[in-house]
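Student: I have a structure I would like to understand better, so I am pasting it below and will then ask my questions one at a time.
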């Protein structure tokens with residue numbers, strides 16, 4: 001198999017995008033210690049040492065700060081923000097402009113994690129679109145890499161983006177951007193034919209230059225076979241226990257999304273309940289004239305107050 005981490009390719013496209021890519025190329029490399037910026041070397045080292053790679057989504061200052069301080073290896077600015085932050089009913093409605101706003105927020109905040117931006121639906125329909133928009137995620141969004149959904153059908157886009165010097169993460173299995181063509185949000189790779197296609201997709205993405213692949217909502221044994229076949233890290237979300245890492249959305253992890261609760265997601269607290277209690281308590285204290293209390297007010301010296309009253313009169 002190819003050693004994708006050591007693969008660097010150049011073409012005429014690189015000249016057009018060199019100034020766009022330079023911010024990420026100029027960032028320092030680290031040995032993976034928690035107080036330094038994590039890079040592809042960090043991910044490669046953990047993969048080679050067979051240590052699980054931790055990934056979580058982040059969309060803004062708060063989620064980026066808390067996730068970065070928690071020590072995650074990778075923060076993914078996912079297009080899931082369309083549903084979790086913007087109130088859309090699907091990720092397909094998210095635009096490049098919206099993604100870049102959230103990418104900027106995360107990149108301004110996170111100081112340690114490796115940052116990956118999700119390219120939204122419709123932003124990589126052609127090779128030229130893919131390259132130009134990927135460059136925007138690096139230059140304007142401050143990302144370290146980008147992620148694309150799809151297998152063999154996007155191999156040419158992946159290759160072209162990698163040619164510019166931009167790192168690419170793949171994503172196969174359940175791909176939300178094209179869920180309607182997959183008969184909805186269902187487990188993928190449940191037949192021999194569809195499982196073989198997933199394996200072929202993974203190999204194609206690796207050969208095109210991807211440094212890692214997300215495996216979403218596929219049987220554990222198929223995810224294990226893919227992981228054992230390719231030479232780049234697999235990151236699972238609903239793909240079982242044998243991938244090289246795991247990812248969840250920030251909201252699923254803290255229990256803060258009410259509309260969809262995937263079987264594969266595990267909430268580690270009930271943040272929605274905590275926030276709801278706090279908000280209701282605040283409203284109640286307003287209505288009952290409890291807030292603000294003595295410790296929340298500012299005071300003026302009595303002589304200054306009297307002077308004000310005399311002047312007012």
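Student: Would you check if residue 96 is closer than 23 Å to residue 212 by Cβ and either free of Cβ contacts under 8 Å to residues at least 24 places away in the same chain or surrounded by 24 or more Cβ atoms within 10 Å (Cβ to Cβ) (or both)? Break it down into steps so the answer makes sense when it comes.
Tutor: On the way: closer than 23 Å to residue 212 by Cβ: yes; either free of Cβ contacts under 8 Å to residues at least 24 places away in the same chain or surrounded by 24 or more Cβ atoms within 10 Å (Cβ to Cβ) (or both): no.
No; evaluated as a whole, the condition is false for this residue.
Student: Please tell me if residue 250 is within 24 Å of residue 75 (Cα to Cα) and modelled with pLDDT of 95 or more. If you could, list the steps in order and put the result at the bottom.
Tutor: Details: within 24 Å of residue 75 (Cα to Cα): yes; modelled with pLDDT of 95 or more: yes.
Taking the combined requirement at face value, the residue satisfies it.
Student: Is there a residue being touching a residue at least 12 places away in the same chain (Cβ under 8 Å) and either in contact with a helix residue (DSSP H, G or I) (Cβ under 6 Å, 6 or more places away or on another chain) or not in a loop (DSSP other than H, G, I, E, B) (or both) anywhere in region 281-288?
Tutor: So in region 281-288, the residues touching a residue at least 12 places away in the same chain (Cβ under 8 Å) come out as none.
There is no residue in region 281-288 that is touching a residue at least 12 places away in the same chain (Cβ under 8 Å) and either in contact with a helix residue (DSSP H, G or I) (Cβ under 6 Å, 6 or more places away or on another chain) or not in a loop (DSSP other than H, G, I, E, B) (or both).
Student: Given (1) in a loop (DSSP other than H, G, I, E, B); (2) surrounded by 18 or more Cβ atoms within 10 Å (Cβ to Cβ); (3) modelled with pLDDT of 95 or more, identify the lone condition not met by residue 257.
Tutor: In the conditions (1) in a loop (DSSP other than H, G, I, E, B); (2) surrounded by 18 or more Cβ atoms within 10 Å (Cβ to Cβ); (3) modelled with pLDDT of 95 or more, residue 257 misses (3) alone.
Student: Any idea which residue in region 33-87 is nearest to residue 231 (Cα to Cα), counting only those that are touching a helix residue (DSSP H, G or I) at 6+ places or on another chain (Cβ under 6 Å) and surrounded by fewer than 16 Cβ atoms within 10 Å (Cβ to Cβ)?
Tutor: Applying the filter and picking the extreme gives 65.
Student: Quick one: which of 220, 216, 295 is farther than 17 Å from residue 55 by Cβ, surrounded by 12 or more Cβ atoms within 10 Å (Cβ to Cβ), out of contact with any helix residue (DSSP H, G or I) (no Cβ under 7 Å at 6 or more places or on another chain) and modelled with pLDDT of 95 or more?
Tutor: Values: 216 fails: farther than 17 Å from residue 55 by Cβ; 295 fails: surrounded by 12 or more Cβ atoms within 10 Å (Cβ to Cβ).
Being farther than 17 Å from residue 55 by Cβ, surrounded by 12 or more Cβ atoms within 10 Å (Cβ to Cβ), out of contact with any helix residue (DSSP H, G or I) (no Cβ under 7 Å at 6 or more places or on another chain) and modelled with pLDDT of 95 or more holds for just one of 220, 216, 295, which is 220.
Student: Hey, any hits in region 256-269 for a residue that's in contact with a strand residue (DSSP E or B) (Cβ under 8 Å, 6 or more places away or on another chain) and over 22 Å from residue 106 (Cβ atoms)? Before you say what the answer is, go through the steps one by one.
Tutor: Step one: filter region 256-269 for residues in contact with a strand residue (DSSP E or B) (Cβ under 8 Å, 6 or more places away or on another chain), giving 264-266.
In the following step, the residues that additionally are over 22 Å from residue 106 (Cβ atoms) were identified as 264, 266.
Checking region 256-269: at least one residue is in contact with a strand residue (DSSP E or B) (Cβ under 8 Å, 6 or more places away or on another chain) and over 22 Å from residue 106 (Cβ atoms).
Student: Also, I was wondering about something else. Take the conditions at pLDDT 95 or above, in a helix (DSSP H, G or I) and over 12 Å from the mean Cα position of the chain (by Cα) and apply them to residue 123. Does it pass?
Tutor: Details: at pLDDT 95 or above: yes; in a helix (DSSP H, G or I): no; over 12 Å from the mean Cα position of the chain (by Cα): yes.
So residue 123 fails the test.
Student: Step by step: first the residues of region 67-85, then only those that are without any contact (Cβ under 8 Å) to a residue 60 or more places away in the chain and part of a helix (DSSP H, G or I), then the one that is farthest from residue 42 (Cα to Cα). Which residue is that?
Tutor: So the residue we want is 82.
Student: Within region 141-167, track down each residue that is within 20 Å of residue 74 (Cβ to Cβ), in contact (Cβ under 8 Å) with a residue 40 or more places away in the chain and either in a loop (DSSP other than H, G, I, E, B) or within 13 Å of the chain's Cα centre (by Cα) (or both).
Tutor: 141, 142, 143, 144, 145, 147, 165, 166
Student: Restricting attention to region 168-180, which residues are in a helix (DSSP H, G or I), touching a strand residue (DSSP E or B) at 6+ places or on another chain (Cβ under 9 Å) and free of Cβ contacts under 8 Å to residues at least 60 places away in the same chain?
Tutor: First, the residues of region 168-180 that are in a helix (DSSP H, G or I): 176-180.
From what's left, touching a strand residue (DSSP E or B) at 6+ places or on another chain (Cβ under 9 Å): 176-178.
The one that is in a helix (DSSP H, G or I), touching a strand residue (DSSP E or B) at 6+ places or on another chain (Cβ under 9 Å) and free of Cβ contacts under 8 Å to residues at least 60 places away in the same chain: 178.
The values are calculated or read from the model by the stated rules, or taken from the named source; none is laboratory data. Here the structure is a predicted model, which is why all the values come from computation and not from measurement. Positions of Cβ are generated from backbone atoms using ideal geometry, with glycine treated the same way; all protein chains shown enter the neighbour counts.
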